[in-house]
Amino acid sequence: MKNKIYFNVCERQTNEKKKLFSAIEKERSSIGYYNLPEQNIDTLLEYADTFDESIENIVVLGIGGSSLGARAIYAFLKPVQQPTRKLFFFESTDPLNIMDILSQIDIEKSHFLIISKSGTTVETISIFKYLYAKQSESSFYTFVTDKDSSLDAFAQELGSKCFYLPDNVGGRFSVLSVVGLLPLLLCGVDIKRLLKGANAVKESFFNDGYLKESLLNKAIFYSKYHTTYNINCVFAYSETLRYFSEWYVQLWGESLGKKQRNSAFHVGVTPIGLIGPKDQHSFLQLIVEGTRDKSVT
């Protein structure tokens, strides 16, 4: 069944939708993440074919866009597709969290993916230094970063494999690049099918599919009423979507929370991720009976 979302967009806003769609089409030719569903993944598949079969755990060292997307997909697929390896994430420098993860893995049977677009993410580099002090063999590490970053230089010095992010793809939008594809592939996810699905969604939007009107109407609604409804809540009705909600909050907050250029106003909409039905017993009454300043997805 197709999901249809309805917003009150009056007829005079038809021109606004046309302008918005034209702007997105123009952006499509210059922003790299639009091309990710059609990328060549032969290098990743070849790397996976030669991967050490004795490795039981894939461990990602990354934060934000370097971890949340892959974590969301892995958690969603895990109940219906048994992974070939366990996937862990070091996202925090909290020592208790680090100790907890280390208690669950055997370092000698683990492979570590160090992911940082800039190559200078403080939390990621700090955790890597801690783990490197425990295991300094280059074969235990694969790096993902921008070409010529400081992390790239260290990977070359260490003699470890290093993959590069494609040009003009922001870190928070990199889940369909090597950033997200590599850990998922090493855990048995069919990344060809994943990219095929992503491309189908993209084509549905750009070729007048059922997603186009819903998303354009929604975008205009939020633009028009962002001061009236300055909090957006996304309700996900499955525990497998918990990390999807976290990912949504990160994407929305980091993308739309920045101060607008040439403006003295702070206009970012606050994102909140909720899991139903559990949060219906608390937060839903705030939405229904509290201040009318929230939209719900």
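Just so you know, all these numbers are worked out from the coordinates, no wet-lab data involved. Quantities reported herein were computed from a predicted structural model and do not represent experimental measurements. Glycine gets a Cβ as well: all are built from the backbone with ideal geometry, and neighbour counts include every protein chain shown.
So the values come out like this:
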| item | result |
| --- | --- |
| Only Lys, Arg (+1) and Asp, Glu (-1) charged, at Cβ; the chain dipole about Cα centre in debye | 1400 debye |
| Segment Ile24-Ala198, length gained on full extension (0.36 nm per residue, minus Cα span) | 60.9 nm |
| Given Lys117/Lys224; Lys224/Lys259; Lys17/Lys117; Lys17/Lys294; Lys147/Lys259, the pairs whose alpha carbons are separated by over 25 Å | Lys117/Lys224; Lys17/Lys117; Lys147/Lys259 |
| Extreme residue, positive dipole direction of the chain, given options Ser30, Ala200, Val296 (C-beta unit charges) | Val296 |
| Sorted largest first, extent of region 97-240 alpha carbons per principal axis (Å) | 53, 31, 29 |
| Per-residue ³J(HN,Hα) for region 199-215, Karplus 6.51 cos²θ - 1.76 cosθ + 1.60, θ = phi - 60°, Hz, x for Gly and Pro | 5, 4, 5, 4, 5, 4, 6, 7, 10, 6, x, 5, 6, 4, 5, 4, 6 |
| log₁₀ of I(q)/I(0) at q = 0.13, 0.20 Å⁻¹ - region 33-189, Debye sum with one point per alpha carbon | -0.55, -1.46 |
| R0 of 30 Å, Cβ-Cβ distance Leu215-Arg292: FRET efficiency to nearest 0.05 | 0.80 |
| log10 of Debye I(q)/I(0), alpha-carbon scatterers only, for region 15-65 at 0.31, 0.32 Å⁻¹ | -1.08, -1.09 |
| Selection from Leu181, Phe221, Phe140 lying farthest towards where the dipole of the chain points positive, charges on Cβ | Phe221 |
| Intensity falloff of region 170-296 expressed as log10 I(q)/I(0), Debye formula with alpha-carbon point scatterers, at q = 0.23 Å⁻¹ | -1.39 |
| Whether region 211-277 is rounded, prolate or oblate, judged on the alpha carbon gyration tensor where a/c under 1.5 counts as rounded | prolate |
| Dipole magnitude (debye, nearest 20) for region 33-189, charges at Cβ of Lys, Arg, Asp, Glu | 400 debye |
| Relative contact order (%) - the chain, alpha-carbon pairs under 8 angstrom, separation at least six | 22 percent |
| Viscosity 1.567 mPa s, 4 °C: Kirkwood-radius Stokes-Einstein D of the chain over Cα pairs, µm²/s | 61 µm²/s |
| Residues Phe244, Phe143, Phe51, Phe173 arranged by fewest to most Cβ contacts within 10 Å | Phe51, Phe173, Phe244, Phe143 |
| Size of electric dipole in region 226-297: Cβ of Lys, Arg +1 and of Asp, Glu -1, about Cα centre, debye, nearest 20 | 280 debye |
